[in-house]
Amino acid sequence: MIQPPIPKNELERITDLSEFDLDYSDLEANFKDLTLLAAKVAGTPISLINLIDSFTQWTISAYGFDVDQMPREESVCQYTIMDDREFEVKNLASDDRFKDKSYVKDTPQLRFYLGVPLTTANGNHIGALCVLDYSTDKTLTPEKVELLKIIAAEIVNRLAALKIIEGLKYKLAEAKETQKRVAHDIRGPIGGIIGLAQMISAQGDDNQLDEVLEFINLIQKSGSSLLELADEILSENAQERRLQKDEYNLDLLKEKLEQLYLPQAVNKNISFEVNIQSESGKIPFSKNKILQIVGNLISNAMKFTPQDGKVRVSLDVLLENGKRYLKMIVEDNGTGITEEKIKEILSGQASSTSGTEGESGYGFGLTLVKHLVEGLKGTLQIQSQLGKGTSFTVQLPQK
């Protein structure tokens with residue numbers, strides 16, 4: 001079996017990718033013009049934008065080929081991220097690394113491949129822009145390859161721009177929350193003014209202080225107007241309290257996980273389910289790094305779970321000691337992990353191992369999870385029995 005290539009800076013590479021905090025299922029509209037442009041430049045029927053994490057190649061935009069993901073070890077682009085240069089294969093069917101891949105020997109019988117790495121400002125290759133053809137006679141001039149590199153640079157620029165935009169939307173959401181708090185805070189003092197004015201007004205009838213009463217009436221009217229305005233602001237905020245761009249709730253997270261990882265389960269004939277463990281399905285929480293954390297745990301669980309096995313995800317939002325937490329549990333009935341291996345994972349020194357079906361391991365998925373969880377001030381717990389399965393529990397504090 002041919003061992004998959006692993007970049008020397010793999011941990012830095014996948015950490016850099018995780019900083020974009022991407023939802024791989026929701027990017028097509030941002031990049032479809034660039035995949036079309038790449039195909040036209042290369043004169044090929046197919047072009048793809050692929051991002052590669054610890055376990056999976058995610059196709060975030062595709063032209064001419066219906067694909068959204070595949071195991072990393074099955075991809076050609078895993079070789080493209082190994083170097084700064086383009087990676088070209090004239091005939092995939094005659095290359096020992098690819099001749100037995102389903103997309104080569106079966107439909108659509110791809111032959112020509114050329115990929116250029118997607119390189120971040122930190123110099124890490126997080127994926128590839130590739131063009132493919134059914135013919136072995138395809139040749140791309142150096143000028144066309146350079147144009148593809150320019151498109152690849154624009155893809156990375158757009159990813160960075162999307163990250164900035166999400167940050168700005170988060171600040172806007174915070175501003176709206178500040179508006180809500182201000183409206184809430186002014187209700188108390190205004191209510192007090194109105195109550196005081198009413199008391200003075202009641203006493204003033206006996207004193208017949210017409211001028212004072214008139215003034216107090218003005219205070220009452222002004223105070224009432226401000227109170228109505230505050231109520232209006234609060235009402236608008238309550239009506240607009242939909243999920244912000246930087247938020248998930250349990251219902252949406254469940255939907256995302258099923259969309260992204262059910263294909264992997266079906267491919268390996270594994271039962272995969274996502275359950276919400278409370279009535280808190282609508283409570284919003286930060287989506288920061290959530291898909292990267294739980295996604296790596298799910299892919300890892302599927303890797304070590306045999307056919308006809310089970311992978312289950314449990315989601316919950318808890319309130320403990322006045323603090324809110326997002327709790328995610330990923331369980332499988334796979335091969336299990338030794339105590340020594342658990343210590344390696346928790347110390348960030350886990351090494352690669354093969355899955356139940358010979359899936360290649362890259363050794364950094366769980367290390368990345370630990371890094372991300374710690375960065376969010378959360379906790380990671382692992383329980384396992386050899387031959388019976390493993391349970392990963394992540395708990396992340398929320399505002």
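Cα centroid separation, the stretch 103-148 to the stretch 1-77: 11 Å. Here the simple spin-label model places points 7 Å from the Cα toward Cβ, and for residue 381 and residue 136 these points are separated by 5.8 nm. At an R0 of 51 angstrom, the distance between the Cβ atoms of residue 109 and residue 161 translates into a FRET efficiency of 0.85. Let's test the formula: R0 of 51 Å, r as the Cβ-Cβ distance of residue 121 and residue 100. What FRET efficiency results, to the nearest 0.05? Once rounded, the FRET efficiency stands at 0.85.
Here each label is just a point 7 Å from Cα along the line to Cβ, and for residue 12 and residue 319 those points are 4.6 nm apart.
Å³ per residue of the Cα convex hull, for the stretch 247-398? Please list the in-between numbers first.
Values: hull volume 15.7 nm³, N = 152.
Expressed per residue, the convex hull around the Cα atoms of the stretch 247-398 is 104 Å³.
Evaluated over the stretch 11-159, the count of Lys pairs having alpha-carbon atoms less than 13 Å apart is 4 (only pairs 8 or more residues apart or interchain). In terms of the mean number of neighbouring beta-carbon atoms within 10 Å, the peptides 94-106, 384-396, 72-84 order highest first as 72-84, 384-396, 94-106.
Report the calculated FRET efficiency for residue 23 and residue 153 (r = Cβ-Cβ distance, R0 = 22 Å), to the nearest 0.05. Present the calculation step by step, with values, prior to reporting the outcome.
Values: r = 23 Å, r/R0 = 1.03.
For R0 = 22 Å, the calculated efficiency reads 0.45.
Values quoted throughout were computed directly from the atomic coordinates according to the rules given, and no laboratory measurement underlies them. Computed from a prediction, not measured in an experiment: that's the story for all the values here. Cβ sites come from the backbone with ideal geometry, for glycine too, and all protein chains shown count toward neighbours.
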